[in-house]
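Reading through the structure tokens given below for one structure.
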Amino acid sequence: MPRRLPLYQQIKGLLIEALESGEWLHDDVLPSEFELADRFGVSQGTVRKALDALVGERVLYRRQGKGTFVSPYQDEWERTGFVVPGFGGRVLIEPVLPELLTCMRANASEEVAAALRLRRGASVIFVKRLMRLNGQVMAMDDVVLPAELFDGLDSRKIRQVGGALYELYHRVFGVRVVRTTEQIRAEPAAADEARLMGVERGTPLLCVTRVAYAAEQRPVEWRRSWMCTDKYAYGSES
């Protein structure tokens, strides 16, 4: 007989289901612990423990004296992007605009399969985009998604949300990104990157490999971005 989850984890799962169904949207305040305890037929302590776990995973956040809220979308360029160094340590954050090049079915490489916990060759959705600053190409994204989670994703859906992928994942597919990990290295531009980004082959680029996770630490997106840094630096805020 399978072992039952602790009660607070069961309540956590029910809260995640409610979030993914759209019952509460980003920055909405959740019902009080008393109301949630009554809804699920458990103690307030059990509800508090479930909420604590979701706060720890950045699915929810708290405001002192205000309650518990749904965390806003951590969109891909909302907390990271290009910065222009200024005087006195100040930086100017510039908007980054996506240009969709490709959205197609593919098979997972060994690297992607390991990151997304898929079998090698599993069906995935591959998205390629250019990122522009003031009309200039400053980055290129390769995004890979498990097809089983994002069945039906196509270019039209991506364009409908203006390229805001994390919001699309949640609103259309019920997959909410709650955290990301990144590995950053420098590498010379290969022929494909050089052609699409309009730089000389061998130009130094910053290469950022990111894995995005939903609740329960489930990997839902693998992404590799190549970035020009001759005029801009890459900034990150957690």
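Could you tell me whether region 171-181 includes any residue that is surrounded by fewer than 20 Cβ atoms within 10 Å (Cβ to Cβ), without any contact (Cβ under 8 Å) to a residue 60 or more places away in the chain and not in a helix (DSSP H, G or I)? Looking through region 171-181, at least one residue is surrounded by fewer than 20 Cβ atoms within 10 Å (Cβ to Cβ), without any contact (Cβ under 8 Å) to a residue 60 or more places away in the chain and not in a helix (DSSP H, G or I). Restricting attention to region 134-175, the residues that are among the charged types (D, E, K, R), within 16 Å of the chain's Cα centre (by Cα) and within 25 Å of Glu110 (Cα to Cα) total 2. In this structure, Ala139 qualifies as among the small types (Gly, Ala, Ser) and over 27 Å from Gly13 (Cα atoms).
Tell me which residues, restricted to region 104-143, are in a strand (DSSP E or B), of a type in the set (A, V, I, L, M, F, W, C) and crowded, with 19+ Cβ neighbours inside 10 Å. The answer is Val124, Ile125, Val127, Met131, Met138, Ala139, Met140, Val143.
Of all residues in region 169-191, those that are small (Gly, Ala, Ser) and touching an Asp or Glu at 6+ places or on another chain (Cβ under 9 Å) total 2. Within region 13-51, being crowded, with 16+ Cβ neighbours inside 10 Å, at pLDDT 90 or above and either in contact with a strand residue (DSSP E or B) (Cβ under 7 Å, 6 or more places away or on another chain) or within 15 Å of Ser71 (Cβ to Cβ) (or both) holds for Leu15, Leu30, Leu51.
The values are calculated or read from the model by the stated rules, or taken from the named source; none is laboratory data. Small disclaimer: the values here were computed from a predicted structure and weren't measured. Reconstructed Cβ throughout: ideal geometry from the backbone, glycine too, with neighbour counts over all protein chains shown.
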